[in-house]
2 protein chains.
Amino acid sequence: MTLKYYHAEPLANSLKSMIPLIEKGLPYESVYVDLHKFEQHQPWFVAINPEGQVPVLDHDGAIITHTTVINEYLEDVFPDIPLRPRDPVGAARMRYWNKFCDEQVMNYVSMHGWHRMVGIIARSIESGEFERLMERIPLPDQRTKWRTARSGFSEADLAHATEKILYAVDKVEAQLAHTAWIAGDAYTLADINFFSYCGVSVERMFPELGIGKRCPRLVAWTERMRSRPAVARALAGEDRTAPGLRTWSGEAR
Amino acid sequence: MTLKYYHAEPLANSLKSMIPLIEKGLPYESVYVDLHKFEQHQPWFVAINPEGQVPVLDHDGAIITHTTVINEYLEDVFPDIPLRPRDPVGAARMRYWNKFCDEQVMNYVSMHGWHRMVGIIARSIESGEFERLMERIPLPDQRTKWRTARSGFSEADLAHATEKILYAVDKVEAQLAHTAWIAGDAYTLADINFFSYCGVSVERMFPELGIGKRCPRLVAWTERMRSRPAVARALAGEDRTAPGLRTWSGEAR
């Protein structure tokens, strides 16, 4: 049995499927894909994932993409240390929250991340070279996102994204008044999902929101997440991004 | 064992979980929720689903919402007639497509549906009454969507939605050159998902796209879908929308 995990820095999508691999004690070969060098759009990588996106799981040659799909796959194949409730109602609660994170949280945190980090990268590239790089991106939506990152996201879009993030943290805060973890009394993929997009960085990225005061349960939950050995091990991965771009690891904002 | 299914007309979301119930031969109590009377925002319904949206599955008192979550739940609890591949790689392929339909197709077809149908309803309501109805909508995003439907979606947004739909039908057409069904050689929830949003109505809603000529495999697949007894039975459900609003059942466009 061979597991290969293609990923970038341990944050957002790349973090989200790394934590389950470690929680389950699965040995895997780590393949670092350098997003700063646009490796995800190079022919060798597009041959593996035609969408040109990280992360990717290769399990004995079966290629699985999209983190929520990868994480359900790991539950199906390696159920011994479960991160998905075994009772169907519990699994449905977890999937409700996964869907919420994927559809209502991820893109909005991502927009701020791109605005602050990818925008700097995109603007540092000379025009002709930038157009050449754009042509290599397989997904039209990703091309649009790169162009927008270069020209800058609009204030209105960024404000809307902040509003959505605030709605999400308030929703999770309210849930944590009822249950110890996001989808119920057990730690699940839903916690890993929200943590990967919002938990790691939301306080640091949005100090103006005053999350610490506004959401004490969320802060306590974040600490519980960080103190899990598997999460700590994933987060200890090297931050290979340029020093000025370390939005996520906390060295830059 | 009691199953109750709260739904509107057999199209889009309401259709998407109705087909699996019928495919699996599960007897269920059908509860019609009249969206034209805004029943989904009334206290009796919000007590069942605090998000105020159809459909909802009530299985012996356990409330399950969101069609993709409902459909996975039905697979977990009633696996006898499977609509989700039993091998994990097959299940991952299905989930990849479900995610694509949920995130890249549904909202865009929905925007056109709302523009043509809900807009007429929203504009027929007198201002004071409209504001009173808006206050009852639990999800802020839904309130925004209603207001936009009333004032009209922008041409740019509608054109973007059409582009996304075209991308989706081309992607499915390309896939059907390789496999008999969307996620592989078996009929799965992915087929039901795409059919519920795009298959039923895309040719009729967008005659200008020339889908018939452009996507012959998609058209043949749509016919195969329609000829399944469970699908035919679901589609034969009564269209209770006002005659001028029958975008979906085909009597109006």
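The values are calculated or read from the model by the stated rules, or taken from the named source; none is laboratory data. Please read these numbers as outputs of a predicted model, since none were measured by experiment. Backbone-built Cβ (ideal geometry, glycine too); neighbour counts: all protein chains shown.
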Q: Mind listing whichever residues of the range A:118-146 are of a type outside the set (Ser, Thr, Tyr), over 21 Å from the mean Cα position of the chain (by Cα) and in a loop (DSSP other than H, G, I, E, B)?
A: A:Ile125, A:Glu126, A:Arg136
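Provide a single number: the residues in the range B:127-152 that are surrounded by fewer than 17 Cβ atoms within 10 Å (Cβ to Cβ) and either on the phi < 0 side of the Ramachandran plot or within 14 Å of another protein chain (Cβ to nearest Cβ) (or both). Steps first, please.
Step one: filter the range B:127-152 for residues surrounded by fewer than 17 Cβ atoms within 10 Å (Cβ to Cβ), giving B:127-133, B:135-136, B:138-144, B:147, B:151-152.
Retained after the next criterion (residues that are either on the phi < 0 side of the Ramachandran plot or within 14 Å of another protein chain (Cβ to nearest Cβ) (or both)): B:127-133, B:135-136, B:138-144, B:147, B:151.
Final tally of qualifying residues: 18.
Quick grid of which residues meet (1) assigned to a helix (DSSP H, G or I); (2) at the interface with another protein chain (Cβ under 7 Å from one of its Cβ atoms); (3) of a type in the set (Gly, Ala, Ser):
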{"position": "A:Ile81", "(1), (2), (3)": "no, no, no"}
{"position": "A:Val89", "(1), (2), (3)": "yes, yes, no"}
{"position": "A:Phe100", "(1), (2), (3)": "yes, no, no"}
{"position": "A:Gln104", "(1), (2), (3)": "yes, no, no"}
Q.
Checking the structure you have, find out if any residue of the range A:10-30 is modelled with pLDDT under 95 and assigned to a helix (DSSP H, G or I).
A. yes
Q) Does A:Asp157 satisfy being more than 12 Å from every other protein chain (Cβ to nearest Cβ), among the acidic types (Asp, Glu) and surrounded by fewer than 17 Cβ atoms within 10 Å (Cβ to Cβ)? A) yes
**Q.** The one condition in (1) over 17 Å from B:Asp191 (Cα atoms); (2) free of Cβ contacts under 8 Å to residues at least 40 places away in the same chain; (3) over 18 Å from the mean Cα position of the chain (by Cα) that B:Ala91 fails to fulfil
**A.** (1)
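Do the conditions hold for B:Glu72, that is, is it outside any loop (DSSP other than H, G, I, E, B), within 7 Å of another protein chain (Cβ to nearest Cβ) and surrounded by fewer than 17 Cβ atoms within 10 Å (Cβ to Cβ)?
Details: outside any loop (DSSP other than H, G, I, E, B): yes; within 7 Å of another protein chain (Cβ to nearest Cβ): yes; surrounded by fewer than 17 Cβ atoms within 10 Å (Cβ to Cβ): no.
Here the answer is no, as B:Glu72 does not meet what is asked.
Just wondering, is there one or more residues in the range B:156-176 that are on the phi < 0 side of the Ramachandran plot, assigned to a loop (DSSP other than H, G, I, E, B), touching an Asp or Glu at 6+ places or on another chain (Cβ under 8 Å) and at pLDDT 95 or above? Spell out the reasoning first.
To start, the set of residues in the range B:156-176 that are on the phi < 0 side of the Ramachandran plot comprises B:156-176.
Those still in the list that are assigned to a loop (DSSP other than H, G, I, E, B) too: B:176.
Cutting the leftovers down to touching an Asp or Glu at 6+ places or on another chain (Cβ under 8 Å) gives us none.
The answer is no; no qualifying residue exists.
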Q. Inside the range A:60-69, can you point out the residues that are within 8 Å of another protein chain (Cβ to nearest Cβ) and either modelled with pLDDT under 95 or within 18 Å of A:Ile48 (Cα to Cα) (or both)?
A. A:Ala62, A:Ile64, A:Thr65, A:His66, A:Val69
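Got a sec? Which of A:Ala156, A:Ala149 is under 30 Å from B:Glu163 (Cβ atoms) and over 20 Å from the mean Cα position of the chain (by Cα)?
Numbers: A:Ala149 fails: over 20 Å from the mean Cα position of the chain (by Cα).
Result of the check over A:Ala156, A:Ala149: A:Ala156.
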Q: Could you figure out which of (1) hydrophobic (A, V, I, L, M, F, W, C); (2) within 21 Å of B:Val33 (Cα to Cα); (3) within 14 Å of chain A (Cβ to nearest Cβ) isn't true of B:Ile48?
A: (3)
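Looking only at the range A:201-216, how many residues end up being surrounded by 15 or more Cβ atoms within 10 Å (Cβ to Cβ) and in a helix (DSSP H, G or I)? So that I can check it myself, show each step before the final result.
Keep residues of the range A:201-216 that are surrounded by 15 or more Cβ atoms within 10 Å (Cβ to Cβ), which gives A:201-203, A:205-206, A:209, A:211, A:215.
Okay, now just the ones that are also in a helix (DSSP H, G or I), so A:202-203, A:205, A:209, A:211.
Final tally of qualifying residues: 5.
For the subset of the range B:55-71 comprising residues that are touching a residue at least 12 places away in the same chain (Cβ under 8 Å) and out of contact with any Asp or Glu (no Cβ under 9 Å at 6 or more places or on another chain), which member is nearest to B:Tyr187 (Cα to Cα)? Step through it out loud before you land on a result.
We begin by selecting, within the range B:55-71, every residue touching a residue at least 12 places away in the same chain (Cβ under 8 Å); these are B:55-60, B:63, B:65, B:67-68, B:70-71.
Subsequent filtering for residues that are out of contact with any Asp or Glu (no Cβ under 9 Å at 6 or more places or on another chain) retains B:55-57, B:59-60, B:63, B:70-71.
Working: B:Pro55: 23, B:Val56: 24, B:Leu57: 23, B:His59: 25, B:Asp60: 28, B:Ile63: 27, B:Ile70: 18, B:Asn71: 14 Å.
So the residue we want is B:Asn71.
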